[in-house]
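Chemist: Pasting a structure here, questions to come.
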Amino acid sequence: MLVSFWMAGLNPEFSVFFFSTICSLLSVLAGESLGLLVGTMVMDMEKAMVALTVFTLTLMLVGGFFVKDIPVWMVWSQYLSPFKFAFDASQYLTFNVNVPCDGSGVLKICNNPDIHYATPKQIREELNVEGTASFNAMMLIVIFFVARLASFVALRSQRGDERM
(Lines give C-alpha, C1' and ligand atoms only; values in the text may rest on other atoms or scores of the structure.)
Protein backbone atom coordinates (compact mmCIF):
# COMPACT_ATOMS: atom_id res chain seq x y z
CA MET A 1 0.00 0.00 0.00
CA LEU A 2 2.83 2.35 0.85
CA VAL A 3 4.29 2.15 -2.65
CA SER A 4 1.23 1.42 -4.80
CA PHE A 5 -0.88 4.29 -3.43
CA TRP A 6 1.60 6.92 -4.53
CA MET A 7 2.31 5.18 -7.85
CA ALA A 8 -1.37 5.28 -8.79
CA GLY A 9 -1.25 9.08 -8.69
CA LEU A 10 -4.88 9.57 -7.70
CA ASN A 11 -4.93 11.95 -4.75
CA PRO A 12 -1.57 12.86 -3.20
CA GLU A 13 -2.91 14.07 0.16
CA PHE A 14 -1.45 12.21 3.15
CA SER A 15 -4.83 12.15 4.91
CA VAL A 16 -6.35 10.28 1.94
CA PHE A 17 -3.47 7.77 2.09
CA PHE A 18 -3.88 7.32 5.84
CA PHE A 19 -7.64 6.79 5.78
CA SER A 20 -7.42 4.56 2.69
CA THR A 21 -4.95 2.39 4.58
CA ILE A 22 -7.31 2.26 7.57
CA CYS A 23 -10.20 1.24 5.29
CA SER A 24 -8.04 -1.45 3.70
CA LEU A 25 -7.17 -2.84 7.12
CA LEU A 26 -10.82 -2.78 8.18
CA SER A 27 -11.71 -4.59 4.96
CA VAL A 28 -9.16 -7.30 5.70
CA LEU A 29 -10.47 -7.71 9.25
CA ALA A 30 -14.09 -7.91 8.06
CA GLY A 31 -13.22 -10.45 5.36
CA GLU A 32 -11.21 -12.49 7.83
CA SER A 33 -14.19 -12.52 10.19
CA LEU A 34 -16.50 -13.76 7.44
CA GLY A 35 -14.00 -16.53 6.66
CA LEU A 36 -13.91 -17.42 10.33
CA LEU A 37 -17.70 -17.55 10.36
CA VAL A 38 -17.85 -19.97 7.44
CA GLY A 39 -15.07 -22.03 8.99
CA THR A 40 -16.91 -22.37 12.30
CA MET A 41 -20.23 -23.20 10.67
CA VAL A 42 -18.82 -25.88 8.33
CA MET A 43 -16.48 -28.04 10.36
CA ASP A 44 -15.32 -30.29 7.49
CA MET A 45 -12.25 -28.69 5.89
CA GLU A 46 -13.04 -29.66 2.28
CA LYS A 47 -16.67 -28.59 2.51
CA ALA A 48 -15.65 -25.34 4.21
CA MET A 49 -13.19 -24.54 1.41
CA VAL A 50 -15.88 -25.05 -1.23
CA ALA A 51 -18.43 -23.01 0.73
CA LEU A 52 -15.93 -20.24 1.37
CA THR A 53 -14.91 -20.08 -2.29
CA VAL A 54 -18.52 -19.73 -3.43
CA PHE A 55 -19.31 -17.25 -0.65
CA THR A 56 -16.24 -15.10 -1.32
CA LEU A 57 -16.73 -15.02 -5.09
CA THR A 58 -20.36 -14.04 -4.61
CA LEU A 59 -19.38 -11.19 -2.27
CA MET A 60 -16.71 -10.05 -4.72
CA LEU A 61 -19.17 -10.02 -7.62
CA VAL A 62 -21.80 -8.02 -5.76
CA GLY A 63 -19.15 -5.75 -4.17
CA GLY A 64 -19.32 -3.24 -7.00
CA PHE A 65 -16.05 -3.26 -8.87
CA PHE A 66 -16.51 -6.37 -11.03
CA VAL A 67 -20.20 -6.07 -11.87
CA LYS A 68 -21.91 -2.67 -11.93
CA ASP A 69 -25.49 -3.77 -12.68
CA ILE A 70 -26.46 -6.41 -10.15
CA PRO A 71 -29.73 -8.25 -10.86
CA VAL A 72 -32.64 -6.86 -8.84
CA TRP A 73 -33.12 -10.08 -6.90
CA MET A 74 -29.48 -9.96 -5.67
CA VAL A 75 -29.21 -6.28 -4.71
CA TRP A 76 -29.66 -7.04 -1.01
CA SER A 77 -26.55 -9.24 -1.00
CA GLN A 78 -24.21 -6.33 -1.75
CA TYR A 79 -24.84 -5.02 1.77
CA LEU A 80 -23.26 -8.19 3.19
CA SER A 81 -20.07 -7.61 1.23
CA PRO A 82 -17.06 -5.96 2.86
CA PHE A 83 -15.79 -5.35 -0.67
CA LYS A 84 -18.67 -2.94 -1.32
CA PHE A 85 -18.04 -0.87 1.78
CA ALA A 86 -14.27 -0.78 1.28
CA PHE A 87 -14.70 0.15 -2.40
CA ASP A 88 -17.20 2.92 -1.63
CA ALA A 89 -14.99 4.30 1.15
CA SER A 90 -11.96 4.30 -1.14
CA GLN A 91 -13.86 6.08 -3.90
CA TYR A 92 -15.23 8.63 -1.45
CA LEU A 93 -11.75 9.37 -0.13
CA THR A 94 -10.02 9.43 -3.51
CA PHE A 95 -12.47 11.68 -5.30
CA ASN A 96 -12.67 14.54 -2.79
CA VAL A 97 -11.32 17.18 -5.19
CA ASN A 98 -12.43 18.48 -8.57
CA VAL A 99 -11.31 16.24 -11.44
CA PRO A 100 -10.43 17.92 -14.73
CA CYS A 101 -12.34 16.75 -17.79
CA ASP A 102 -9.82 15.31 -20.24
CA GLY A 103 -12.16 14.61 -23.14
CA SER A 104 -11.93 10.83 -22.75
CA GLY A 105 -15.66 10.51 -22.14
CA VAL A 106 -15.19 8.29 -19.08
CA LEU A 107 -17.27 10.66 -16.97
CA LYS A 108 -20.63 11.45 -18.58
CA ILE A 109 -20.68 14.89 -16.99
CA CYS A 110 -17.55 15.74 -18.98
CA ASN A 111 -19.28 15.13 -22.32
CA ASN A 112 -20.59 18.70 -22.09
CA PRO A 113 -17.94 20.95 -23.73
CA ASP A 114 -18.79 23.83 -21.35
CA ILE A 115 -17.77 21.83 -18.26
CA HIS A 116 -14.05 21.68 -17.49
CA TYR A 117 -14.16 20.04 -14.05
CA ALA A 118 -16.29 17.40 -12.41
CA THR A 119 -17.06 18.06 -8.76
CA PRO A 120 -16.65 15.35 -6.11
CA LYS A 121 -20.43 15.14 -5.74
CA GLN A 122 -20.91 14.59 -9.48
CA ILE A 123 -18.22 11.92 -9.56
CA ARG A 124 -19.67 10.07 -6.56
CA GLU A 125 -23.14 10.13 -8.10
CA GLU A 126 -21.82 8.75 -11.38
CA LEU A 127 -19.85 6.03 -9.60
CA ASN A 128 -22.84 5.18 -7.35
CA VAL A 129 -20.90 5.70 -4.13
CA GLU A 130 -23.22 5.16 -1.19
CA GLY A 131 -22.52 6.80 2.15
CA THR A 132 -19.51 8.66 3.43
CA ALA A 133 -16.11 7.17 4.16
CA SER A 134 -16.87 7.10 7.88
CA PHE A 135 -20.21 5.35 7.31
CA ASN A 136 -18.56 2.69 5.15
CA ALA A 137 -15.77 2.25 7.71
CA MET A 138 -18.38 1.79 10.44
CA MET A 139 -20.16 -0.82 8.33
CA LEU A 140 -16.87 -2.73 8.01
CA ILE A 141 -16.53 -2.61 11.79
CA VAL A 142 -20.12 -3.88 12.15
CA ILE A 143 -19.41 -6.78 9.77
CA PHE A 144 -16.28 -7.55 11.78
CA PHE A 145 -18.09 -7.73 15.13
CA VAL A 146 -21.27 -9.43 13.90
CA ALA A 147 -19.32 -12.15 12.07
CA ARG A 148 -17.08 -12.72 15.11
CA LEU A 149 -20.10 -12.94 17.41
CA ALA A 150 -21.87 -15.33 15.02
CA SER A 151 -18.69 -17.45 14.90
CA PHE A 152 -18.67 -17.64 18.68
CA VAL A 153 -22.32 -18.66 18.74
CA ALA A 154 -21.69 -21.29 16.04
CA LEU A 155 -18.86 -22.79 18.08
CA ARG A 156 -20.85 -22.70 21.34
CA SER A 157 -23.78 -24.51 19.72
CA GLN A 158 -21.65 -27.52 18.81
CA ARG A 159 -20.90 -30.36 21.18
CA GLY A 160 -17.38 -30.70 22.51
CA ASP A 161 -16.55 -33.83 20.52
CA GLU A 162 -17.68 -32.15 17.26
CA ARG A 163 -15.15 -29.35 17.69
CA MET A 164 -12.14 -31.65 17.36
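Chemist: Given the options 142, 153, 99, name the one that is of a type in the set (Val, Ile, Thr) and either closer than 20 Å to residue 62 by Cβ or in contact with a Ser or Thr (Cβ under 8 Å, 6 or more places away or on another chain) (or both). Steps first, please.
Modeler: Values: 153 fails: either closer than 20 Å to residue 62 by Cβ or in contact with a Ser or Thr (Cβ under 8 Å, 6 or more places away or on another chain) (or both); 99 fails: either closer than 20 Å to residue 62 by Cβ or in contact with a Ser or Thr (Cβ under 8 Å, 6 or more places away or on another chain) (or both).
Matching residue, one of 142, 153, 99: 142.
Chemist: Same structure, new question: From the list 51, 89, exactly one residue is closer than 24 Å to residue 31 by Cβ and more than 14 Å from the chain's Cα centre (by Cα). Which is it?
Modeler: Numbers: 89 fails: more than 14 Å from the chain's Cα centre (by Cα).
Exactly one residue qualifies, and that residue is 51.
Chemist: Can you tell me which residue among 53, 40 is open to solvent by less than 70 Å² (accessible area, probe 1.4 Å), out of contact with any strand residue (DSSP E or B) (no Cβ under 9 Å at 6 or more places or on another chain) and of a type in the set (S, T, N, Q)? Give the steps one after another, and end with the answer.
Modeler: Details: 53 fails: open to solvent by less than 70 Å² (accessible area, probe 1.4 Å).
Only one candidate qualifies: 40.
Chemist: While we're on this one: Which of the numbered conditions does residue 33 fail, given that it passes all the others? Conditions: (1) among the polar types (S, T, N, Q); (2) in contact with a helix residue (DSSP H, G or I) (Cβ under 6 Å, 6 or more places away or on another chain); (3) open to solvent by 20 Å² or more (accessible area, probe 1.4 Å); (4) closer than 30 Å to residue 156 by Cβ.
Modeler: So residue 33 meets the others, but not (3).
Chemist: Just checking, which of 136, 112, 128 is in contact with a Lys or Arg (Cβ under 9 Å, 6 or more places away or on another chain) and open to solvent by less than 100 Å² (accessible area, probe 1.4 Å)? Spell out the reasoning first.
Modeler: Numbers: 112 fails: in contact with a Lys or Arg (Cβ under 9 Å, 6 or more places away or on another chain); 128 fails: open to solvent by less than 100 Å² (accessible area, probe 1.4 Å).
136 is the lone residue from the list that is in contact with a Lys or Arg (Cβ under 9 Å, 6 or more places away or on another chain) and open to solvent by less than 100 Å² (accessible area, probe 1.4 Å).
Chemist: Now a separate question. Name the helices (runs of 4 or more DSSP H) wholly within region 53-164 that hold at least 2 residues that are touching a residue at least 40 places away in the same chain (Cβ under 8 Å)? Step through it out loud before you land on a result.
Modeler: Working: elements: 82-94, 120-126, 133-156.
Fully inside region 53-164 and qualifying: 82-94, 133-156.
Chemist: Given the conditions (1) surrounded by 14 or more Cβ atoms within 10 Å (Cβ to Cβ); (2) modelled with pLDDT of 90 or more, and given that residue 149 satisfies all but one, which numbered condition is not satisfied?
Modeler: Looking at each condition in turn, residue 149 falls short on (1).
The values are calculated or read from the model by the stated rules, or taken from the named source; none is laboratory data. Given the structure is predicted, the values throughout are model-derived calculations rather than measurements. No Cβ is skipped: glycine too gets one built from the backbone with ideal geometry, and neighbour counts run over all protein chains shown. With ligands, DNA and RNA removed, areas are computed over all heavy atoms of the protein, side chains included. Shrake-Rupley method; radii C 1.70, N 1.55, O 1.52, S 1.80 Å.
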